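Remarks on the structure that follows.
The values are calculated or read from the model by the stated rules, or taken from the named source; none is laboratory data. Owing to the predicted nature of the structure, the values given are computational and were not obtained by experimental measurement. Here the Cβ positions follow ideal geometry from the backbone for every residue, glycine too, while neighbour counts run over all protein chains shown. Quick note on the areas: whole protein, heavy atoms, side chains included, nothing else; ligands and nucleic acids left out. Shrake-Rupley method; radii C 1.70, N 1.55, O 1.52, S 1.80 Å.
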4 protein chains.
Amino acid sequence: MSPKRVDKAARKQEILAAAVRVFARKGFAASRIDDVAEEAGIAKGSVYLYFDSRDALLEAAFSQYTADADAIVAQALNSTDPPLERLALLVRGTIDVIAGAPDLARTLLDLWATDHMRPAYKAYREAVAELIAQIRPGLGLPHATVIVGAIEGVVLQWLVDPEVPIADLAGPVLEVVVEGLRERA
Amino acid sequence: MSPKRVDKAARKQEILAAAVRVFARKGFAASRIDDVAEEAGIAKGSVYLYFDSRDALLEAAFSQYTADADAIVAQALNSTDPPLERLALLVRGTIDVIAGAPDLARTLLDLWATDHMRPAYKAYREAVAELIAQIRPGLGLPHATVIVGAIEGVVLQWLVDPEVPIADLAGPVLEVVVEGLRERA
Amino acid sequence: MSPKRVDKAARKQEILAAAVRVFARKGFAASRIDDVAEEAGIAKGSVYLYFDSRDALLEAAFSQYTADADAIVAQALNSTDPPLERLALLVRGTIDVIAGAPDLARTLLDLWATDHMRPAYKAYREAVAELIAQIRPGLGLPHATVIVGAIEGVVLQWLVDPEVPIADLAGPVLEVVVEGLRERA
Amino acid sequence: MSPKRVDKAARKQEILAAAVRVFARKGFAASRIDDVAEEAGIAKGSVYLYFDSRDALLEAAFSQYTADADAIVAQALNSTDPPLERLALLVRGTIDVIAGAPDLARTLLDLWATDHMRPAYKAYREAVAELIAQIRPGLGLPHATVIVGAIEGVVLQWLVDPEVPIADLAGPVLEVVVEGLRERA
DNA sequence: CATGAATGAGTCTTCATTCAT
DNA sequence: TATGAATGAAGACTCATTCAT
């Protein structure tokens, strides 16, 4: 009847973190449950005390990712700042979160092949569309798709090539997207 | 010995094409040698007469893809039109090619997880940097990364969600990127 | 030290009873120690305080079952009634007991696959042989095997198909076995 | 394109026969795919070229069993002999088939725990009911259940104890069931 | 060249058993 | 005594690769 020392939720987080590190290192497809267990310093079978299956681990990693991302988006959009300010918040927030958790970010490569990101991106686009409609009439979902694309596309390039200086790119994203490339009068 | 009806190189190409179709359909991780053989209309063992291993097949499929992609970019950039025109060509060309071969495009999701795209994207960014430097001084590699990001990011969203109207997005990409979102005076 | 609230033997019996219920429900092969522990309302590890292993638990469950079965048979045979009467008692007793504990009966399916029933059935046949020899000279072990077979075979059919009305079949068993099918003069 | 030497159907039969031998030796629950493969003299993976799963092997064993059994029943019932003759045919046929294939018979112990035998036994009982109704009015399904029970119950005892002389028991079954135990006037 | 049956290493998952608390 | 987290051996199933024909 004595309560066990182990905090189940904490242990679950440890394993998930270990899994994310492994996924980041080798990709989900090449990650074995043994790898995750070893990274977490436990026996293979113990992973199953906390996650139902290998897929459940990816699932959990995904949830963790989108939870963070959603928070950023929500925060940026619910502010009362002027729209351009909020757009800047959004871009900076997203990129900071991603750059701050490279391992988690790497799982995006696997997540994209899933259809878990579909609703997330859809909501993201719609929120941005609403935001930019306040900047200038005539801006809508297509342009929002471009904004989201610029952010995620910059991340993508960093994932493909770690030398891309992701942390420094929030500025350029905003410059290009807000001011455009064309020479001003 | 007269040459056989089917020459080796051609047969190898057929298998490669079949492999790409299969990879596009189910992703690389879920594609079996059996699937490729069936798609190519030959026996499983025969695949090994042309490719040393599953990985070699992958490698070949990836190389073919990047070669195609490189050609698009080169073509757009080597024109003598004014820079903004060439940018437009590039954006439209890339998106048209990708939207025109949806099956092939799916392969990108796997490609990104390899490092085959690293040099391709690097060259892509550098070429775009050179191009936009001609539009306005002060524009450079960071902005080029955003441009490439916007293009690839829009494609990414379409891969994640087929309802994203990729074919209609070349225009919005250019609008945002060239003119910016900000209200003009 | 005053005796603990629950004495060891009683607790052991509780666990055994729980085990039998579980085995009856799902069959032995599909029964997990966890299931037994849960049915007994204790922790999995505690089962091992009373039984050395899963097999020991099985063994105990089987022994309990055969002990019960032997008691039935002994009781029916030790009466001083005339032979046909005792045969009727035996058939009715056996079927009533089995039909009265359907959960327990399911265990028979597993028991048959072990050799725990071998001596029990042997004794059963011999006792019946002795009994029927008093009904008519010339009747012996082969006929006893048929009698026991008819009883157990009817039970078997009920285990295979719960719609077989086991509770109503003691009569027909006796009719067939005592009177035979043939039209009497 | 050259046709392979191996007759797939024959090979499948070989594996099934090997499986039945293994099942007979250790019971289905304790039988490993490795055991079956070794018994068949092939590699573990090869079993899966012919059977989808371990369960499919039991399934196949079952089908083989009931095919034989059904044939016996059908043959006995479709004869034009007088009813008592046909009953004798049925009892002798069933017991001969079972006694002639002890390995296959042993799988009955596993089959019974499945619900595959439910419809088979139901049909068996109904056929016998029809048959005995021709022997004497008033005989019906309950008595048929007893007949089937006597046959299967005798087999059961032989499975539990190989010393039970199954091959010699068709006679006693008929004697008891046709004539009854009671002393005739 | 082509075939496709055969192989067996590799992986996920389960679960009896142990043991620190 | 009791607990239940942890362990790791075992087993089903997959599939890249080989090779006899």
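Positive-end ranking of D:Ile98, D:Ala113, D:Val148 along the dipole of the range D:80-155, with charges on Cβ about the Cα centre, is headed by D:Val148. Scaling against 2.2 N^0.38 Å puts the C-alpha radius of gyration of the range B:1-51 at 1.20.
For chain C, which longest stretch is free of loop sites, where a loop site is one of the trypsin sites (Lys or Arg not before Pro) that DSSP puts outside H, G, I, E and B and that has at most 15 other Cβ atoms within 10 Å? It works out to C:33-181. Counting every pair of alpha carbons in the range B:95-147, the share spaced more than 14 Å apart comes to 62 percent.
Taking a Cβ cut-off of under 12 Å around B:Ala123, the surrounding Lys, Arg, Asp and Glu residues balance to a net charge of -1, with basic ones at +1 and acidic ones at -1. For the range D:135-140, putting each phi into the Karplus relation 6.51 cos²θ - 1.76 cosθ + 1.60 with θ = phi - 60° gives couplings of 7, 7, x, x, 7, x Hz, in residue order, rounded to whole numbers and with x for Gly and Pro. Across the identical copies, the label point of C:Gln134 (7 Å from Cα in the Cβ direction) is separated from its matches by 4.1, 10.1, 11.8 nm, in order from shortest.
Chain B has one residue whose beta-carbon comes closest to the axis relating it to chain C; that residue and its distance in whole Å are B:Ala30, 16.
In this view, the solvent-accessible surface of D:Trp112, computed with a 1.4 Å probe and all protein chains in place, comes to about 0 Å².
Surface composition of the range B:63-181: carbon and sulfur make up 55 percent of the accessible area, probe 1.4 Å. The interface between chain D and chain C buries about 4200 Å² of solvent-accessible area in total (1.4 Å probe, ligands and nucleic acids excluded).
How many percent of all Cα-Cα pairs in chain A sit more than 20 Å apart? The calculated P(r) of chain A puts 59 percent of pairs beyond 20 Å. Ranked from shortest, the separations from the 7 Å Cα-to-Cβ label point of D:Pro102 to its equivalents in the other copies are 3.7, 6.5, 7.0 nm.
Taking GluC sites (Glu not before Pro) in DSSP loop states with no more than 16 other Cβ atoms inside 10 Å as exposed sites, chain A has its longest site-free stretch at A:1-162. Taking only protein heavy atoms and a 1.4 Å probe, the accessible area of the range B:1-51 is 54% carbon and sulfur. In summary, the lysines within cross-link reach of A:Lys26, defined as a Cα separation below 22 angstrom excluding same-chain residues under 8 places away, comprise A:Lys12, A:Lys44, B:Lys26. Taken over the protein assembly as shown, the ratio of Cα radius of gyration to 2.2 N^0.38 Å equals 1.43.
Label-to-label distances for D:Lys44 across copies, nearest first, come out at 1.1, 1.8, 2.4 nm, using points 7 Å from Cα in the beta-carbon direction. Just how large is the dipole of chain D about the Cα centre, in debye to the nearest 20, putting +1 at every Lys and Arg Cβ and -1 at every Asp and Glu Cβ? Result for chain D is approximately 440 debye, rounded to the nearest 20. Averaged over its residues, the range A:63-181 has an accessible area of 37 Å² per residue, based on protein heavy atoms and a 1.4 Å probe. Per residue of peptide D:138-146, the mean number of Cβ atoms on other chains within 10 Å of the residue Cβ is 6.
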